[in-house]
Amino acid sequence: MFSYTIKRLLSLIPVLLGLTLIVFFMIRAIPGNPAQIILGQLATKEAVAELTKQLGLDQPWYTQFFQYLGGLFTGDLGESLRTKSPINEEIWPFLAATAELAFCAMIIAIVIGVNAGIISAWFQNSWFDYVAMILALIGVSMPIFWLGLMEQWVFAINLEWLPTSGRENVRAPIESITNFYILDTLIQGRMDQFWEVVKHLVMPSFALATIPMAIIARITRSTMLEVMKSDFIRTARAKGLRMFWVVYKHSLKNAIIPVLTIIGLQTGLLLGGAILTETIFSWPGIGRYIYDAINYRDYPVIQSGILIIAVIFVTINLIVDLLYAAIDPRIKYN
Amino acid sequence: MELSTNKEIQVPIEPAEDKAVSPWLEAWRSFRKNKLAVIGTFIVLFFVLLAIFAPYIAPEGINEQKLTASDRLQAPSSEHWFGTDDFGRDVFSRVVYGSRISLWVGFLAVMGSIVVGCLLGIIAGYYGKWVDSVISRFFDILLAFPSILLAIAIVAVLGPSLRNALIAIAVINIPNFGRLIRSRVLSVKQEEYIFAAKAVGMKNSRILFHHVMPNSIAPIIVQGTLAIATAIIEAAALGFLGLGAEAPNPEWGKMLSDARAFLTQAPWTLFFPGLAIVLTVLGFNLMGDGLRDALDPRMKN
């Protein structure tokens, strides 16, 4: 296990270097003069020259790359062209907002997805199974931005149960300590604000949860069906164990590995879905941060935002792989 | 003891052979029995026909603006089945024409990733060694980005347009096909008939095209069908973010982002383009799942 962990960590180095290289070349791959494109056609020559210097574009590319890499090692992500503040400082609230949203979405996806899959496998070919699997099929085909809009139409505009967008009630803003609003409101003991935060979370997290939920349900069902055919399940039933325990204890334990893998993969993919969900619900997260940066041609922010998401994505996948090896002793890595 | 003198005895060299069918026919038979797959195929066919005959089906063009109050944002009626948008354009006609863009982008992008992915995958798998390492690392790096984010990054660099969205979608799907073909090549490479072909003196290129490629077609078709589904969603997502089709193109994702401001007043301008996306994608997904079960049962889950 130890040597596998080391090996897996080492194999990350070329991937991370490659990632950085791609992100580094992003800004340089803009056709024409990047500084001119960023500032627009009306910019003066002086302004263009200054930005070129600020971005380090006047030096040979390898010097630029090592400077960039050196900066990354010291935690320097560059400076936003729009706000003029260092990106590594202003990015935290956005990251926290996305983390909170992704966490809630994943909880919803796992609780509903796993249980729907289990019940579908338990009562195979029942009406529940059919309805759940048809919903799961539609779920994986769902553009989440459309689902988000339809949610807003039904629950915010017609029923008026939930707020349309945002993260908090703007008239009673939250004093942020950790940037995780659920935690903040609980620490401050403001239950009124806590409910407000939860209400704002419901629609975006359900929209974001849809696809992972559907995929988790499908995988859980098929692995459960396979496990439930095996001999030890028959034995467990033969000795008169209640079906509930056979399903939720014996079978689930043996079906959990593929399910865990999918959960890990989907957690990483949530980060991609977040950019769409956040746009619809004006959620001030990292996706929204990058999206706004694209509109302002704030390339340092686009670069750093994408790099950070990719690094998180790679890290999650690594953790999943290691967990996978730790949970199942049958898996031997060479 | 006398040996049999009966020369008429014929040993049947081949057993009753006429029942053996080609694997493709067998796959077709099992596909036909799969109800969901057939439904999916009909949905796809429906949208393909819609795209081909769009000028005959759509009552109006894509950009016939009528800016009077009695024409703008009209609810669905017998005259305008899906209502009208804020420029007084017929939403039904735009959705019908939109199928052309979505299917075209989905198909072309996936074809692009198949061609490039297969080429890289074959080279990696067949030549091995450092070539394989370099190409495989390249796939790893592409897969280290959440795919839609990589697409956004590519379009952010190239500039927003439908063509660049198509390129971005093609690029992000390359590693999926590349890896698939690479593993196929690696397993086929160990087969005895490849050794035989080499012994006979067949050239590498001929071995690749005569033996390796035909062995990889089934999984490519399956993966390709499913990839079209995601490509359509990705194209719509880019359009929605303003990074894809330009106005007045009736791209479904773009239609959604244009109509967003009218969610309260005219929800139909948002409902129908989205429904079209869901149905098309569902069709391709059902068809792909069915093809997988029929062509390559090992790929199941």
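Each value in this text was obtained by applying a stated rule to the coordinates, not by laboratory testing. No experiment lies behind these values; they were computed from the predicted model shown. Positions of Cβ are backbone-derived with ideal geometry, glycine not excepted, and every protein chain shown enters the neighbour counts.
Between residue A:74 and residue B:115, what is the FRET efficiency for a Förster distance of 41 Å, r being their Cβ-Cβ separation, to the nearest 0.05? Present the calculation step by step, with values, prior to reporting the outcome.
Working: r = 43 Å, r/R0 = 1.04.
E(calc), rounded to 0.05, equals 0.45.
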**Prompt:** Alpha carbon centre of the stretch A:78-120 versus the stretch B:233-294: separation in Å?
**Reply:** 24
**Complete:** Assertion target for A:133, B:287, ordered by fewest C-beta neighbours within 10 angstrom first, is A:133, B:287
**Asked** Averaged over peptide B:57-69, how many Cβ atoms belonging to another chain are found within 10 Å of each residue's Cβ?
**Response** 0
**Message:** Placing unit charges on C-beta atoms (Lys and Arg positive, Asp and Glu negative, everything else neutral), compute the dipole magnitude of chain B about its Cα centre in debye, rounded to 20.
**Reply:** 700
**Filtered chymotrypsin sites (Phe, Trp or Tyr not before Pro), the stretch A:151-190: DSSP coil and at most 12 other beta carbons within 10 Å** = A:161
**Asked** Given C-alpha coordinates of chain A, what is the ratio Rg to Rh with the Kirkwood estimate of Rh?
**Response** 1.04
**Asked** When the helices in chain A are scored as -39500 (n - 2.57) per DSSP H run of 4 or longer and the sum is shared across all residues, what 222 nm value do you end up with, to the nearest 500 deg cm²/dmol?
**Response** -23500 deg cm²/dmol
**Cleavage-rule hits (trypsin sites (Lys or Arg not before Pro)) in the stretch B:165-208: DSSP loop, at most 14 neighbouring Cβ within 10 angstrom** = B:203
**Request:** Apply the membrane-span-like helix rule to chain B: whole DSSP H runs, Cα extent along the own long axis of at least 24 Å, mean Kyte-Doolittle hydropathy at least 0.5. List the helices found.
**Result:** B:35-52, B:91-127, B:162-189, B:217-240, B:268-295
**Item:** Gain upon complete extension [residue A:295, residue A:257; 0.36 nm per residue less C-alpha separation]
**Value:** 9.5 nm
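Taking each residue of A:271-283 in turn, how many C-beta atoms of other protein chains fall within 10 Å of its C-beta, and what is the average?
Partner Cβ neighbours, averaged per residue: 3.
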**Request:** Could you give log10 I(q)/I(0) at q = 0.09, 0.13 Å⁻¹ for chain B, computed by the Debye formula over C-alpha point scatterers of equal weight, without solvent?
**Result:** -0.58, -0.98
**Prompt:** Helix A:252-280 versus the longest principal axis of chain A: what angle, 0 to 90°, nearest 10, using Cα atoms?
**Reply:** 40
**the stretch A:191-230: trypsin sites (Lys or Arg not before Pro) in DSSP coil with no more than 14 other Cβ atoms inside 10 Å** = A:229
**Prompt:** So for the pair residue A:199, residue A:183, with labels modelled 7 Å out along Cα→Cβ, what separation do we get in nm?
**Reply:** 2.5
**Request:** Give me the distance in nm between label points sitting 7 Å out from Cα along the Cα-to-Cβ direction at residue B:52 and residue B:129, one decimal.
**Result:** 5.0
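Report, in listed order, any pair from A:229/B:35; A:229/B:33; A:7/B:189; B:33/B:198 with a Cα-Cα distance greater than 32 Å.
Over 32 Å Cα-Cα: B:33/B:198.
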**Prompt:** Which angle from 0 to 90°, rounded to the nearest 10, does the C-alpha axis of helix A:45-54 make with the longest principal axis of chain A?
**Reply:** 50
**Request:** Please determine, in degrees from 0 to 90 and to the nearest 10, the orientation of helix A:191-228 with respect to the longest principal axis defined by the Cα atoms of chain A, where the helix direction is its Cα long axis.
**Result:** 50
**Item:** For residues of B:153-162, the mean tally of beta carbons on other chains within 10 Å
**Value:** 5
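Going by how many other beta carbons lie within 10 Å of each one, how would you line up A:321, B:258, fewest first?
In increasing order of surrounding Cβ atoms, one gets A:321, B:258.
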**Request:** For the stretch A:2-89, state the average projected area of the convex hull of the C-alpha atoms over all orientations, rounded to one decimal in nm².
**Result:** 7.3
**Message:** Can you give me the orientation-averaged projected area of the convex hull built on the Cα atoms of the protein assembly as shown, in nm²?
**Reply:** 43.0
